[in-house]
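Colleague: To start, I am sharing the structure in question, which I have written as structure tokens.
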Amino acid sequence: MTMPTSIPMTVTDIDRMLERLVAHWHTAEPAHEEDGLTGKICDLHRFNFLLWHEEDIARSPDVTDAKIAQVKRAIDRYNQARNDAIEKVDDWLIEELGRRGVVAAADAPAATETPGAAIDRLSILELRRYHMQEQIERADAAPEHREKAATRMAVLDVQRAHLTEALTRLFEEIFAGRRPLRVFRQMKMYNDPSMNPYLYKARSAA
């Protein structure tokens, strides 16, 4: 017997949490917030938040080459953690499907994107919206700049509506057993000292 097929969190709740955390983390140190699915989504969002601001530093014309190298290593580290976090969201969902006894038919079509990957996109979208709103409200910017930012924010809002609608439908289909959920393993190689040739050749030469 299968258990109820309602999704663990509504996409609206997920998006509101992402939006709230972006604002909160601009005034407080980003930290692990919760356990379970909420915690895994928070972790993914936190790595995107940290990545966003390292990328800003990397593009500053005032930083030294040494600082750029330091930032690049941080970006690699956070990007690896972000990809791991996407997989952990999907792993949790697969475990939850097992707990509920939800099994898709063998011939059920898979989606091209997993819920974890879609939540990652939603996380980045909320970061964009927060920083676009900053540009809209910039007192030192010309009216043309603020108008341009407002136009872009309108596009981001439409994209958010489309993404949340699609993710809601994906969740419903997966938890109703109409689509399978398979984790898409990234298999990143550049941070693995046994697979990145520059790392293992350097180690052999040492």
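Colleague: Which residues, counting only those in region 22-60, are assigned to a helix (DSSP H, G or I) and at pLDDT below 85?
Modeller: Within region 22-60, the subset assigned to a helix (DSSP H, G or I) is 22-25, 36-58.
The answer is Asp56, Ile57, Ala58.
Colleague: Does Arg16 meet the test of being touching a helix residue (DSSP H, G or I) at 6+ places or on another chain (Cβ under 8 Å), basic (Lys, Arg) and either part of a helix (DSSP H, G or I) or closer than 18 Å to Asp84 by Cβ (or both)? Please lay out each step first, then the result.
Modeller: Values: touching a helix residue (DSSP H, G or I) at 6+ places or on another chain (Cβ under 8 Å): no; basic (Lys, Arg): yes; either part of a helix (DSSP H, G or I) or closer than 18 Å to Asp84 by Cβ (or both): yes.
When the stated conditions are applied, Arg16 does not pass them.
Colleague: Restrict the check to region 59-79 and report whether at least one residue is surrounded by 13 or more Cβ atoms within 10 Å (Cβ to Cβ), in contact with a Lys or Arg (Cβ under 7 Å, 6 or more places away or on another chain) and touching a residue at least 12 places away in the same chain (Cβ under 8 Å).
Modeller: No, that holds for no residue.
For every residue, the table says whether it meets (1) modelled with pLDDT of 95 or more; (2) under 30 Å from Gln80 (Cα atoms); (3) out of contact with any strand residue (DSSP E or B) (no Cβ under 7 Å at 6 or more places or on another chain).
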{"residue": "His131", "(1), (2), (3)": "yes, yes, yes"}
{"residue": "Glu144", "(1), (2), (3)": "yes, no, yes"}
{"residue": "Arg169", "(1), (2), (3)": "yes, yes, yes"}
{"residue": "Ile174", "(1), (2), (3)": "yes, yes, yes"}
{"residue": "Met189", "(1), (2), (3)": "no, yes, yes"}
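Colleague: Would you confirm whether or not region 106-116 contains a residue that is modelled with pLDDT of 95 or more and either under 19 Å from Asp56 (Cα atoms) or assigned to a helix (DSSP H, G or I) (or both)?
Modeller: Looking for residues that are modelled with pLDDT of 95 or more and either under 19 Å from Asp56 (Cα atoms) or assigned to a helix (DSSP H, G or I) (or both), one finds at least one in region 106-116, hence yes.
The values are calculated or read from the model by the stated rules, or taken from the named source; none is laboratory data. From a predicted model like this one, the values you see are computed outputs, not experimental measurements. Cβ coordinates were reconstructed from backbone atoms using ideal geometry, including for glycine residues, and neighbour counts include every protein chain displayed.
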